[in-house]
Amino acid sequence: MNPQARLKWFRRLALAGALLAAAVVVLGAWVRLTDAGLGCPDWPGCYGHIYPQAVHDFPQADHNFSKALHEMIHRYFASTLGIIIGGLLAWAVWNRQDRQQPRTAVIFLFLLVCLQGALGALTVTLQLLPLIVTAHLLGGLTTLGILWWLSLTPQRESLSAREMALRKFALGGLAVLLLQIALGGWTSSNYAAVACPDLPTCQQAWWPRMDFRDAFVLWRGLTIDYTGGVLANPARIAIHVTHRIGALLVALSLSVVGALCVARARSRRLKVIGGVLIGAVLLQIGIGVTMVHFAMPLPLATLHNAGAALLVVCTVTLLRVLWPVPEDRRGTLAP
């Protein structure tokens, strides 16, 4: 197999990993939203078994087969993703002499998925500690972003000065998006999503009573069971309102980035990505508003996480286009 064919298959494997990573993110949300995060009190098995059907008849009064099944499905998908990333690392090491073969990003990705496994175990052993749950979500979406980056073929054409200037806006958009995702994870892990059942007000007030001091305490100890949340309602309202404000700022930021791409770029691909980014922002806003209107139904709440994954994919695609192949490597780039 020639180097270009090997690189093409590497990108295909990375694409398969990205699609699986997106599924893992959505399944993780499904597990959280169905209160199945502690459906299996041990790790990596479930009540000492590997298969959920093996624990169906396990004689424990607190055993819930449905929740155990949800958790184990998520673990199966995550384990398969880990195998794919291990394969990408082996591929990168085997073809390390090829200048076009990504290596640093693959090594970082492998270390990240190992960290994700540790965070998954800590999520169970620390009984849904919000800091760990939020870090696990961020790690999952970062894994998705890197895999998607690796799956994309770099651009060959040079950028104009106006297009080069878009880089700082795209990087800023990615930064605020990651902050908002972290805030979304904090909202979910502290069970604050239902703290404001009305929109655009919260608890029938524009600025309800809130406790910001207690809302963002990152560490409360190791002996607390966080299932159902431990915060009083004013603290949960503070988290929810902050998440709403953050959503408005991120929507504005990413919409501006998309509009600048449409207005300034000479590349048709950049213009299309800018338009898709704006569409993804509008879709996520629509999902969020609909969630509140229909009192947080499970399908929409899960779809909200899928919307966050879509925003990550769109932003990473934009950055990939804004970082074409360096001049000294263009002569050997695969068509």
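In this Cβ point-charge picture (+1 for Lys and Arg, -1 for Asp and Glu), the range 184-335 has a dipole of about 660 debye about its Cα centre. Here the chain is treated with +1 on each Lys and Arg Cβ and -1 on each Asp and Glu Cβ, and its dipole about the Cα centre works out to around 1680 debye. One chain, two ends: F108 and L179. Fully extended at 0.36 nm per residue, the span grows by 23.5 nm beyond their Cα-Cα distance. Since only F10, H49, T142 are under comparison, the one whose Cα sits farthest along the positive direction of the charge dipole of the chain, derived from C-beta charges on Lys, Arg, Asp and Glu, is F10. For the range 1-133, evaluate the Debye formula with one uniform point scatterer on each Cα (no solvent term) and list log10 I(q)/I(0) at q = 0.18, 0.20 Å⁻¹, rounded to two decimals. At q = 0.18, 0.20 Å⁻¹ the computed log10 ratios are -0.95, -1.09.
FRET efficiency for the K168 to T34 pair, using the beta carbon distance and R₀ = 51 Å, is estimated at 0.80. Sorted into 20 angstrom bins from 0, the C-alpha pair distances of the chain split as 29, 54, 17, 0 percent. Only DSSP H runs of four or more residues enter the estimate; each adds -39500 (n - 2.57), and after division by the residues of the chain the mean residue ellipticity at 222 nm equals -23000 deg cm²/dmol. In this label model, Q100 and E157 are separated by 1.9 nm, measuring between points 7 Å along each Cα→Cβ vector. Put a plus charge on the Cβ of each Lys and Arg, a minus charge on the Cβ of each Asp and Glu, and nothing anywhere else: the dipole of the range 127-246 about its Cα centre is then about 260 debye.
Sparsely packed loop sites in the range 1-33 (the chymotrypsin sites (Phe, Trp or Tyr not before Pro) outside DSSP H, G, I, E and B with at most 11 other Cβ atoms within 10 Å) do not occur. Note on the range 135-232: Cα convex hull, mean projected area over all directions, 10.1 nm². Cross-link partners of K168 among lysines, defined as those whose alpha carbon lies under 23 angstrom from its own and excluding same-chain residues fewer than eight positions apart: K271. Expressed as a fraction of 2.2 N^0.38 Å, the C-alpha radius of gyration for the range 243-333 is 1.32. Applying a 4.7 Å Cβ-Cβ cutoff to the chain leaves C114, C261, C314 as cysteine residues with no disulfide-compatible partner.
Just so you know, the averaged projected area of the alpha carbon convex hull for the range 145-299 sits at 11.7 nm². Here is the list for the range 126-198: trypsin sites (Lys or Arg not before Pro) lying in DSSP coil, each with at most 16 other C-beta atoms within 10 angstrom of its C-beta, are R156.
Read the figures in this text as sums done on the coordinates, not as results from a lab. Note that the structure is a prediction, hence the values are computed from the model and not measured. Quick reminder, even Gly has a Cβ in these numbers, built from the backbone with ideal geometry, and neighbours come from all protein chains shown.
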